[in-house]
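Down below is the structure, laid out as structure tokens.
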Amino acid sequence: MEDLRFAMRALARRPTYTIITVLVLALAIGANTTVFSVFNGFFLRPLPYPDGDRLVFVYDSYPKIGLDMAGTAIPDYVERREQAPSLEELAIFTGTQRTLGGQGDPERISVPRVSPSLFDVLGIRPMLGRTFSDDEATIGNDRVVVLSHTLWQTRFGGQADIVGRDVRLDGEAFTVVGVMPDGFGFPNQNARAWVPFAFTQEQMTDDERGTQFSASIGRLKPGATLEGLNTELDAIVQRNLQRLPEFIPWVESSGFTGRARFVRDVAVGNLKQMLLVLQAIVFAVLLIACANVANLQLARMAARRKELAVRAVLGARRGRLATLVLGESLALSALGAVAGLVLAYGGLELVRNLGLDRTSQGFEFALDPTVLVFTAGAALLAAVVSALLPVIALWRDNLGQSIQEAGRLGGGGRAAQTFRSSLVILQIAISVALLTGAGLLTKSFYALQQQGPGFNAESLLTARVGLPQHLYQDDSARARFYERALEELRALPGVSHAAFASVVPFSGSNSQGSVVIDGYTPPEGASPPHTQIRAIDEQYLPALEVPIIKGRNFASRETEPVAIVDENMAHKYWPHGDALGQRLRRTFDAENAWHTVVGVVPAIKHGSLTEDPKKETIYWHYLQRPTPGGVFTLRTTLPPKQLQRAANDAVMRIDPDLPLFDVRTLDERLAMSLGPQRTPMVLTLVFATVAFVLAVIGVYGMLTWAVTQRVGEIGVRMALGAKTSDIVRLVVRNGGRLTAIGLLLGVVAAVALGQLMAAQIHDVSPLDPQVFVIVLVGLAAAAMLASWLPARRAGRIDPMVALREE
């Protein structure tokens, strides 16, 4: 503690040195804290449920048709709940939107339908009242609702007597039976209420197998394993095949089975590798910072040589002197850690804004105790590493002789100079690797953007609508609503196209199903055709500026069943893509319900710019297959957001209880889908820039110090006839030698990093020569500039003044 107090007083007397050193450490420690906070939020923080690591998603899987993770069919859920011994409990749920009426304006809110077992699976008890009973999950008894804490507070003012009162959802009365605690949200934090999932008898029959519009979540029994549960799910399928042999061809061709994955793994996806790479990158930045600080401390120790020598003469042992150096390093790192936490707070905001926020799914990024311990550890590591080389130099020096050597050179001897040169080489090498990685990610990101999604996303406003089933029970009622809504929307000022689609790209939703193609018989062992399904109107393709390659677009009304297919489907199932006039139907349609193909369009991307749009897509005419919900898409000549209120009013003139929701521009949806690519690109670019600046500063600082210590030698050289150009060349050559070695080692490290980041790089080779050349030339130029500045200063030294100082 005495050494720390002495260090703080000494640092206070040298504010410039202290500020620069603390800033360097703060950048590195802040970067490490930011990335670790994200990693901690995804992988280390417990899920917001008791024993959350025992929670698993259980789902249907069709690996042979490329659909590894489908939803859950109701009969499959019923069997798994009863026949899987590894499951302590299993629940089923499906997301729905309902209009909350009553007092205040109608509000479209998320109201998932859930089985009563859901709250037992999650292990969460209500704050007020109760959850659902099994009797309430039956048709006719399901008019009850559990409210979220947020809805209870914002819409009902936190009234304590809310239990037992009625609320109106889609115009129907539901009795409130409970209120969940603050912070609870499932399947995400946007859920505002829950109603029972009541099955019809038909939904529980074998005819519903393959109909997946729901998902299920379960809790493993203590000691049960995921592998054991998957084995049990396979066994259930095999038992069903013995009872239902007619399903054998379907199962064999699609590979159908049941599968389970931990909830955390499903939610996080493939982010783990990306975060580990980022953590390695910021650790490299920390090493560069330590190298810079070590250089500064070597210089600082050289200035303290006489002080340390006097202490040694007075009896101080080398270990005691080393603690003085370490104490100052610890003080600097502690200040750097505090400043780094401030930078990390801003860094987390940057990560959220880049599209990596998963708060709605229960993953919170926060500077919690675990992160604070990590930050303290990073600061301690930085203190020890940055002090290590100065301590070694101190340990190896003869302090008695160093007083005389410091009088001539003041540089800490040749050993210290070698250490400093090695640190500069290390900084340059790491900078090359990081800049190359950032360059590869940046080039990949812009390649994705230039490649585009296959349509024009500019000036498009999208808004979802959902039709209550009890009010719009048949196809004709739905069709009338959509026609009237589109008529109103097309009359709005600035709207050039108003279109409808059951699903729009980059909305996070999809619709898929198997089809039958007239005249096509799947090869033995192959699965039946399985495609993406879209219901659209005649203005949807023009609104997205998707051209018709062959045939024609839909008419506003079609007298015969028709369809449009994309070129993937045309080329896969018909020779030379000649799909016009061919017939197809959904597998559950009657055998005479054939739809004739009237047009072929290009394949477009639906989920992400990184996807390869190989999945076939069929477009049905929306009036021939009116869906219970969909998305209005408006192409405008005005800023799209200006039409949000007008579009909502236009729809509510038709039905005052149907407000639009999830209103976003298609550009916004596209940008959100790029979050997993944008985040590592921006962060790596930021960290690489920091490393680059530190490396250049390291070159400049080392050569500047070297020139300062060689003033006497330079004076002698000039007195003996050396020209200014000779002195400049001497210093620049020293800097060039260090730069060349660093660049060479950096190329090796960059190649290794490129291979590690290959999964994050799209349409760009990890050995892209353009990126390597730009990085090497840019860093070499900056390093040589950093070498030339002290070289120019050396060339201006007056030899007489230098000799007098010597």
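See the values below:
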{"read-out": "Evaluation of Thr637 against (1) closer than 23 Å to Glu545 by Cα; (2) of a type outside the set (D, E, K, R); (3) open to solvent by 20 Å² or more (accessible area, probe 1.4 Å); (4) in contact with a helix residue (DSSP H, G or I) (Cβ under 9 Å, 6 or more places away or on another chain) (one fails), failing number", "value": "(4)"}
{"read-out": "Unmet requirement for Gln473, which otherwise passes all of (1) touching a residue at least 60 places away in the same chain (Cβ under 8 Å); (2) assigned to a loop (DSSP other than H, G, I, E, B); (3) more than 27 Å from Arg583 (Cβ to Cβ)", "value": "(1)"}
{"read-out": "Selection count where residues are surrounded by fewer than 20 Cβ atoms within 10 Å (Cβ to Cβ) and in contact with a Leu (Cβ under 8 Å, 6 or more places away or on another chain), scope the range 8-38", "value": "4"}
{"read-out": "Flag for Thr442 being surrounded by fewer than 23 Cβ atoms within 10 Å (Cβ to Cβ) and in a helix (DSSP H, G or I)", "value": "yes"}
{"read-out": "Any hit, the range 153-167, residues being at pLDDT 90 or above, part of a loop (DSSP other than H, G, I, E, B) and touching a Leu at 6+ places or on another chain (Cβ under 6 Å)", "value": "yes"}
{"read-out": "Given (1) open to solvent by less than 20 Å² (accessible area, probe 1.4 Å); (2) assigned to a helix (DSSP H, G or I), number of the condition Lys572 does not satisfy", "value": "(1)"}
{"read-out": "Unmet requirement for Met127, which otherwise passes all of (1) touching a helix residue (DSSP H, G or I) at 6+ places or on another chain (Cβ under 8 Å); (2) surrounded by 18 or more Cβ atoms within 10 Å (Cβ to Cβ); (3) aliphatic (A, V, I, L, M)", "value": "(2)"}
{"read-out": "Hits in the range 467-516 - residues which are of a type in the set (Gly, Ala, Ser) and surrounded by 20 or more Cβ atoms within 10 Å (Cβ to Cβ)", "value": "Ala485, Ala498, Ala499, Ala501, Ser502"}
{"read-out": "Restricting the range 641-655 to residues that are assigned to a helix (DSSP H, G or I) and of a type in the set (Lys, Arg), the residue that is modelled with the lowest pLDDT", "value": "Lys641"}
{"read-out": "Which numbered condition Asp51 fails, given (1) open to solvent by less than 40 Å² (accessible area, probe 1.4 Å); (2) at positive phi", "value": "(1)"}
{"read-out": "All positions within the range 73-109 that are at pLDDT below 90 and among the polar types (S, T, N, Q)", "value": "Thr96, Gln97, Thr99, Gln103"}
{"read-out": "Members of the range 352-394 that are more than 27 Å from Ser333 (Cα to Cα) and either modelled with pLDDT under 80 or open to solvent by less than 60 Å² (accessible area, probe 1.4 Å) (or both)", "value": "Leu354, Gly355, Leu356, Asp357, Arg358, Thr359, Ser360, Gln361, Gly362, Phe363"}
{"read-out": "Residue check for Ala463: modelled with pLDDT of 85 or more and assigned to a loop (DSSP other than H, G, I, E, B)", "value": "no"}
{"read-out": "Of the criteria (1) in a helix (DSSP H, G or I); (2) out of contact with any helix residue (DSSP H, G or I) (no Cβ under 8 Å at 6 or more places or on another chain), which one Arg80 fails", "value": "(2)"}
{"read-out": "All positions within the range 627-641 that are more than 31 Å from the chain's Cα centre (by Cα) and of a type outside the set (A, V, I, L, M, F, W, C)", "value": "Thr627, Pro628, Thr637"}
{"read-out": "Number of the condition not met by Asp726 [criteria: (1) surrounded by 17 or more Cβ atoms within 10 Å (Cβ to Cβ); (2) at pLDDT below 85; (3) of a type outside the set (Gly, Ala, Ser)]", "value": "(1)"}
{"read-out": "Odd one out for Gly185 among (1) modelled with pLDDT of 90 or more; (2) at negative phi; (3) of a type outside the set (S, T, N, Q)", "value": "(1)"}
{"read-out": "Every residue from the range 243-275 that is farther than 19 Å from Asn230 by Cα, assigned to a helix (DSSP H, G or I) and open to solvent by 40 Å² or more (accessible area, probe 1.4 Å)", "value": "Arg243, Pro245, Glu246, Phe247, Ile248, Pro249, Trp250, Lys272, Gln273"}
{"read-out": "Selection within the range 766-780 - in a helix (DSSP H, G or I), open to solvent by less than 90 Å² (accessible area, probe 1.4 Å) and touching a residue at least 60 places away in the same chain (Cβ under 8 Å)", "value": "Val771, Phe772, Val775, Leu776, Gly778, Leu779"}
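The values are calculated or read from the model by the stated rules, or taken from the named source; none is laboratory data. Quick caveat: nothing in here was measured; it's all calculated off a predicted structure. Quick reminder, even Gly has a Cβ in these numbers, built from the backbone with ideal geometry, and neighbours come from all protein chains shown. Side chains included, ligands, DNA and RNA excluded: accessible areas come from the protein's heavy atoms. Shrake-Rupley method; radii C 1.70, N 1.55, O 1.52, S 1.80 Å.
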